[in-house]
1. What list of ³J(HN,Hα) values in whole Hz, one per residue of region 72-81 in order, does the Karplus curve 6.51 cos²θ - 1.76 cosθ + 1.60 (θ = phi - 60°) give from phi, with Gly and Pro shown as x?
2. Residue farthest toward the positive end of the dipole of region 45-120, with Cβ of Lys/Arg at +1 and Asp/Glu at -1: which of 73, 103, 59?
3. Summing -39500 (n - 2.57) over the DSSP H runs of n ≥ 4 in the chain and dividing by its residue number, what mean residue ellipticity at 222 nm do you reach, to the nearest 500 deg cm²/dmol?
4. Within region 32-88, report the GluC sites (Glu not before Pro) that DSSP leaves as loop and that have at most 11 other Cβ atoms within 10 Å.
5. What list of ³J(HN,Hα) couplings, whole Hz, do you get for region 23-36 from phi and the Karplus terms 6.51, -1.76, 1.60, once you set θ to phi - 60° and write x for glycine and proline?
6. For region 45-120, give the magnitude of the charge dipole about the Cα centre (Cβ charges: +1 Lys/Arg, -1 Asp/Glu; no others), in debye to the nearest 20.
7. Could you name the lysines in cross-link range of residue 76, using Cα to Cα under 20 Å and dropping any fewer than eight places away on the same chain?
8. Please report the equivalent ellipsoid semi-axes of region 45-120, computed as sqrt(5 x eigenvalue) of the Cα gyration tensor, largest first, in whole Å.
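Values quoted throughout were computed directly from the atomic coordinates according to the rules given, and no laboratory measurement underlies them. Just so we're clear, the structure is a prediction, and the values are computed from it rather than from any experiment. Methodologically, a virtual Cβ is constructed for each residue, glycine included, from the backbone with ideal geometry; neighbour enumeration extends over all protein chains shown.
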Amino acid sequence: MARAKGTSVDGVKATGVAESGGGKVRLLRWNDYESDWDPTKDDRTPVWEACHQMIRRLNNSGELSAGELLAKMPEKGEAIRQLAYHMYTLCERKKWAEEARAYNELIASWHAIVAASHDVGHINEQRGMDF
């Protein structure tokens, strides 16, 4: 599959979204990611990783914490939301209830997360004009 998409398993693994060994490749789930991740210090932030870090933050620390994370990568917000919808639909079709729940919780909390991200302030965003 990696070759069909013009990438390599090593390339996907290097981005931090998959692990491989023994001829098998597995995409990481939200609970596989490190809790101290900061997208401003990560030079390669795939939407997969960003989405799962948002789910991890939401599940472990709530909407405000997830909003703080989104504020650090506002340009990825729409792609994260779309991936969550897509993954929820896929998990529902496959009858993967536990995986679907994580995506559904992110979708259900999305408006509150976005509001929290604006309260915190997006990086590289002008917050006001000083005269």
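1. 7, 8, x, 5, 9, x, 5, 5, 4, 4
2. It is 103.
3. -18000 deg cm²/dmol, from helical runs alone.
4. Qualifying residues, ordered by number: 34.
5. For region 23-36, the Karplus-derived couplings read x, 10, 10, 9, 6, 6, 9, 4, 7, 8, 7, 6, 7, 9 Hz, x marking Gly and Pro.
6. 240 debye
7. Partners within reach: 41.
8. Square roots of five times the eigenvalues give 21, 12, 10 Å.
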